[in-house]
1. Of all the residues that make up the range A:114-124, how many are open to solvent by 30 Å² or more (accessible area, probe 1.4 Å) and facing another protein chain (nearest Cβ under 7 Å)?
2. Could you please give the count of residues in the range B:49-84 that are of a type outside the set (A, V, I, L, M, F, W, C), within 12 Å of DNA strand D (Cβ to nearest atom) and within 14 Å of B:HIS25 (Cα to Cα)?
3. Residues that are open to solvent by 60 Å² or more (accessible area, probe 1.4 Å), more than 9 Å from every other protein chain (Cβ to nearest Cβ), within 30 Å of A:GLY84 (Cβ to Cβ) and in a helix (DSSP H, G or I): does the range B:93-113 have at least one?
4. May I ask you to verify whether A:GLY60 is without any contact (Cβ under 8 Å) to a residue 12 or more places away in the chain, over 27 Å from A:SER123 (Cα atoms) and either more than 10 Å from DNA strand C (Cβ to nearest atom) or over 16 Å from the mean Cα position of the chain (by Cα) (or both)?
5. I'd like to verify a number: residues in the range A:37-48 that are within 17 Å of the chain's Cα centre (by Cα) and near DNA strand D (Cβ under 10 Å from one of its atoms), how many?
6. Given the conditions (1) within 26 Å of B:SER123 (Cβ to Cβ); (2) away from DNA strand D (no atom under 14 Å from the Cβ), and given that B:ARG21 satisfies all but one, which numbered condition is not satisfied?
7. With the condition kept exactly as written, say whether any residue in the range B:26-38 is modelled with pLDDT under 95, open to solvent by 10 Å² or more (accessible area, probe 1.4 Å), more than 14 Å from chain A (Cβ to nearest Cβ) and away from DNA strand C (no atom under 12 Å from the Cβ).
8. Could you tell me which of the residues A:LEU127, A:LEU89, A:LEU49 is buried (at least 19 other Cβ atoms within 10 Å of the Cβ), within 8 Å of chain B (Cβ to nearest Cβ), farther than 22 Å from B:GLN11 by Cα and not acidic (Asp, Glu)?
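The values are calculated or read from the model by the stated rules, or taken from the named source; none is laboratory data. Bear in mind that the values here come from a model prediction, so they are computed numbers and not experimental data. No Cβ is skipped: glycine too gets one built from the backbone with ideal geometry, and neighbour counts run over all protein chains shown. Calculation scope for accessible area: heavy atoms of the full protein, side chains included, ligands and nucleic acids excluded. Shrake-Rupley method; radii C 1.70, N 1.55, O 1.52, S 1.80 Å.
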2 protein chains.
Amino acid sequence: MIPKRSKYAIQALKCLAKVYREKKHLSIATIAEEENIPRKFLETILLQLRNGGMVGSKMGATGGYFLVKHPDEIVLSSIIRATGGPIALLPCVSLNFYEECTECPHEELCGLHDVMLEVREASIHILSKTSLADLILREKKLLRKSENKRK
Amino acid sequence: MIPKRSKYAIQALKCLAKVYREKKHLSIATIAEEENIPRKFLETILLQLRNGGMVGSKMGATGGYFLVKHPDEIVLSSIIRATGGPIALLPCVSLNFYEECTECPHEELCGLHDVMLEVREASIHILSKTSLADLILREKKLLRKSENKRK
DNA sequence: AAATATACTACTAATTTAATAGGAATTAAA
DNA sequence: TTTAATTCCTATTAAATTAGTAGTATATTT
């Protein structure tokens, strides 16, 4: 499981992506309310994303946050990583949270390691091809689908 | 990430799978030593696996644990589940640890939910086709490969 | 100057997971 | 029949992680 932190980050960035074209920025409070995220917690998350170079901020009254890249270029895997969320199922196959198995004498001979690498690759493949723009597109499609169903 | 508990379970079962043909059984202490797992912790894990119907046990002196199914029939996904490890990256897409998103008004319209379902399916696909027997086979292949390299 | 933001960092609370403790029940063998 | 070796069971503690909060400094607009 990825931490809530990472999930909140994705939600917040999706929010910002929706106003990207209009070059608007949103305040923490606005995003927090819109997405039901605890305000102060969101604050620390956005700060982390800013330090990670994914969003920019403007201080002072009428300040707020905005994306510094096109929604097409921000993919889920990098958001998860920027917020400290591991994608792999075991530390010994994690790119960013790697830890040696104390029990495995030779990692490269471990069958479990081998399988878990495959799982990681499959997950990263999906998460790295899905951008904020894709996420929004998906939601449009889902909405259309559900509207057709209702007819 | 899956809990250590699940990883230990897989290691222990792999151990048992290796002696399955000879119809031998192994004591907790033996497995614990072989796999570098804290003995008392392993005890609770094996108990859980027994209650889950994956292994059998024999009490008393010369007692121990053994697989009740063929190593071909025990797959990684069921071991992980039997030991309480979630495979999905978010609670809202977990089959066994499902929890509703408090923030999502309509789960079926959420783009993130949609993507995470795909990730889950991809992971489960791999973990459900890999059995203990496969794991052992993989290790043989890895060993052969590394021996060829050394030449 | 007042109001409204972000910046920063330290702290607390809550939850989960890992590991241990300790004795009861069971079995085999001395 | 006693002893040693083992599983069975459940409660508890310890450790680590994550979630969330507090409070103050700094910047910007009106």
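1. Looking only at that region, the number is 2.
2. 9
3. Taking the range B:93-113 and keeping what is open to solvent by 60 Å² or more (accessible area, probe 1.4 Å), we get B:95-100, B:102, B:105-106, B:108.
Going one step further and asking which of them are more than 9 Å from every other protein chain (Cβ to nearest Cβ), we end up with B:95-96, B:98-100, B:105.
Checking the rest, the ones that are also within 30 Å of A:GLY84 (Cβ to Cβ) come to B:95-96, B:98-100, B:105.
Then drop every residue that is not in a helix (DSSP H, G or I), which leaves none.
Checking the range B:93-113: not a single residue is open to solvent by 60 Å² or more (accessible area, probe 1.4 Å), more than 9 Å from every other protein chain (Cβ to nearest Cβ), within 30 Å of A:GLY84 (Cβ to Cβ) and in a helix (DSSP H, G or I).
4. On the way: without any contact (Cβ under 8 Å) to a residue 12 or more places away in the chain: yes; over 27 Å from A:SER123 (Cα atoms): yes; either more than 10 Å from DNA strand C (Cβ to nearest atom) or over 16 Å from the mean Cα position of the chain (by Cα) (or both): yes.
In short, yes.
5. Going residue by residue through the range A:37-48, those that are within 17 Å of the chain's Cα centre (by Cα) are A:37, A:41-48.
Cutting the leftovers down to near DNA strand D (Cβ under 10 Å from one of its atoms) gives us A:37, A:41-45, A:47.
Within the range A:37-48, residues that are within 17 Å of the chain's Cα centre (by Cα) and near DNA strand D (Cβ under 10 Å from one of its atoms) number 7.
6. Result: B:ARG21 fails condition (1) only.
7. There is no residue in the range B:26-38 that is modelled with pLDDT under 95, open to solvent by 10 Å² or more (accessible area, probe 1.4 Å), more than 14 Å from chain A (Cβ to nearest Cβ) and away from DNA strand C (no atom under 12 Å from the Cβ).
8. Values: A:LEU89 fails: farther than 22 Å from B:GLN11 by Cα; A:LEU49 fails: within 8 Å of chain B (Cβ to nearest Cβ).
None of the others qualify; the one that does is A:LEU127.
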